[in-house]
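The structure under discussion appears below in the form of structure tokens.
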Amino acid sequence: MSVNQKFEKTGSIAYLCDEYLKNNFIDPEASERLGVKRGLRNPDGTGVLAGLTNVCDVVGYDLVDGKRVPTDGRLIYRGIDVEQIVRAAYAEDRFVFEEVIWLLLFGSLPTPHQLASFKQVLEAHRELPKDFAEDMIMKAPSPNIMNKMARSVLALYSYDDNPEEQSLTNILSQSIALIASLPTIMVNAYQIKRRVYDRQSMYLHLPQPGQSTAEHILSTYRADQKFTKEEAKLLDLCLVLHADHGGGNNSTFACRVLSSSGTDTYSAISAAIGSLKGPKHGGANHKVMEMLGYIMEGVKDHSDDAEIAAFLRRILRKEAGDGSGLIYGMGHAVYTKSDPRAVILRRNAEHLAVEKGFEDEFRVLCAVERLGPDAVREVKGTKDVCANVDLFSGLIYRMLGISEDLFTPLFAISRIPGWCAHRVEEVVFANRIMRPAYKYLGHEQEYIPLEERG
């Protein structure tokens, strides 16, 4: 019996909700009046400066005379534009996510020898501890893979002989082990979810030697373990582009907040997973796929820009779509003119979209990217809106035959190197517990003895 069902049985939850609402209210306008920066955002939409980092920079605008001027977006890992990394990956026809993990964690590009050795280390940690899948995943399955991943990360604490030590040696060891094992946890959790909740067959494949992270995921996810190199490279690209996004994104900030308290690595990373699970952060590509369905059904001619633009305006006016008034996959907190991740995904996904029979859907999303900003400006009066990475990532996962159950978990697999890099930085260099302030708005009241209360 669920918690809600227990309350429904007693008939008390509605009363408790009424009691809460009767005694609690905060006027959103009070934030502006009192100078409170809701969502840790400045009045111009920029983030409140909360720390320093060498790990990653997200560039979406220039500041000229104190005003934001839109510029082409750039994502920079340790001083290197991600565009350069991606172009090298395709020019040299190789997987680069493992190289990006090294870059984010250590701050430099690995030598061929360092990279080869590091891949072996990751490979050695992919297999889960003895009986872990049986005891921690099979015996307590979850319909939500992110929930199971967070619980599994916490459970790994019990398999660590030295979980609490805050030395650089220990934190890096824990980080590398988590980066390597989380994809295996994800696929195991999904397969068991299929068996228990979807009543379908499950396949628990062992990690294969010599595979990249992207290959490992496809090999253990698919029943026949078969995939093409183009498929694996496109998944590798997604992993690279989601690997980090600065210290201020919600999940990384959550990881840094917990790390600042001196807690263990497993608690900090599970908190980041919990943050990413939120639909306002990690689940947007689900909504893009849902929106794409509405467009495909509601627009007769998918090649007609005018018809698509008219439908987008209807979405914004809450006359179509899910009624939210949002074009999912459009807009970003930092990027104004373009999101480099969306640009790179669009450029590299087209060939597989045609090959897999998703050309029509791909063209529609390209039209949304092209027409969405004008529709938003016309209906909402908002300036500087561009497509973000979520516009294309969901379709790519669908093209790869990956269940929507894994869209957000794959985001977590991509982002854990960034989380770990920021955690190390927070522990080693910041070394001060985060403690922001909240303005108290409550009113004084007298304590009334229990027997005198009505």
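Treat the range 258-332 as a sphere of radius equal to its Kirkwood radius over Cα pairs and apply Stokes-Einstein at 10 °C in a medium of 1.306 mPa s; give the translational diffusion coefficient in µm²/s, rounded to a whole number. Numbers along the way, then the final one.
Numbers: Rh = 14.6 Å.
Using the Kirkwood radius from Cα pairs, D works out to 109 µm²/s.
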Along each principal axis, Cα extent of the range 10-79, largest first, Å: 58, 30, 22
Size of charge dipole - the range 304-396 - debye, nearest 20, with Cβ of Lys, Arg +1 and Asp, Glu -1, no other charges: 400 debye
Extension gain, T228 back to A124 (0.36 nm per residue minus Cα-Cα distance, nm): 35.1 nm
Residue list for the range 228-259, given a label point 7 angstrom along the Cα-to-Cβ vector of E83 and an amide N cut-off under 19 Å: 237-238, 240-246
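Could you tell me the convex hull volume per residue, in Å³, taken over the Cα atoms of the range 225-361?
Roughly 153 Å³ of hull volume per residue.
With charges only on Cβ, +1 for K and R and -1 for D and E, what is the dipole size of the range 35-102 about its Cα centre, in debye, rounded to 20?
Numbers: 9 positive and 11 negative charges, 104 e Å.
Roughly 500 debye, rounded to the nearest 20.
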Summed side-chain charge close to V48 - residues other than V48 whose Cβ falls under 12 Å, Lys, Arg +1, Asp, Glu -1: +2
Dipole magnitude of the range 227-273 about its Cα centre (Cβ charges: Lys, Arg +1; Asp, Glu -1), debye to nearest 20: 100 debye
Straight-distance crosslink candidates among aspartates and glutamates, where the alpha carbon sits under 14 Å from K148 and sequence neighbours closer than 8 are dropped: E134, D135, D405
Computed lengthening from V196 to K139, 0.36 nm per intervening residue step minus Cα-Cα distance: 19.5 nm
Ordering of 13-24, 104-115 by packing [mean C-beta count within 10 Å, highest first]: 104-115, 13-24
Paramagnetic reach from N54 in the range 61-99 [backbone N under 16 Å; point 7 Å along Cα→Cβ]: 77-80
Rel. contact order, % - alpha carbon contacts under 8 angstrom, at least six apart, the chain: 20 percent
Solvent-accessible surface (1.4 angstrom probe) belonging to E319, in square angstrom, nearest 10: 110 Å²
Cross-link partners of K383 among lysines (Cα-Cα below 30 Å; sequence separation of 8 or more within a chain): K37, K67, K277, K280, K287, K300, K318, K337
In nm, spacing of pseudo-spin labels at S117 and D131 (7 Å Cα→C-beta vector): 3.5 nm
For the range 298-425, projected area of the alpha-carbon convex hull averaged over all directions, nm²: 9.1 nm²
Furthest towards positive pole of dipole, L371, M399, L352, structure part the range 344-407, Cβ charges: L371
Shape parameters for the range 122-258, alpha-carbon atoms, Rg then Dmax in Å: 15.7, 45
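Using the alpha carbon gyration tensor of the chain, what are the three equivalent-ellipsoid semi-axes (square root of 5 times each eigenvalue), largest first, in whole Å?
Details: eigenvalues 229, 193, 133 Å².
Semi-axis lengths for the chain are 34, 31, 26 Å.
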Geometric extent, Cα atoms of the range 51-160 - Rg, Dmax (angstrom): 19.6, 60
At 1.567 mPa s and 4 °C, Stokes D of the range 390-454 from Kirkwood alpha-carbon radius, µm² per second: 74 µm²/s
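The values are calculated or read from the model by the stated rules, or taken from the named source; none is laboratory data. Every value quoted in this text rests on a predicted model; they were computed, and no experiment measured them. Glycine also receives a Cβ, built like all others from the backbone with ideal geometry; neighbour counts cover every protein chain displayed. Side chains are part of the model used for accessible areas, which takes the heavy atoms of the whole protein and leaves out ligands, DNA and RNA. Shrake-Rupley method; radii C 1.70, N 1.55, O 1.52, S 1.80 Å.
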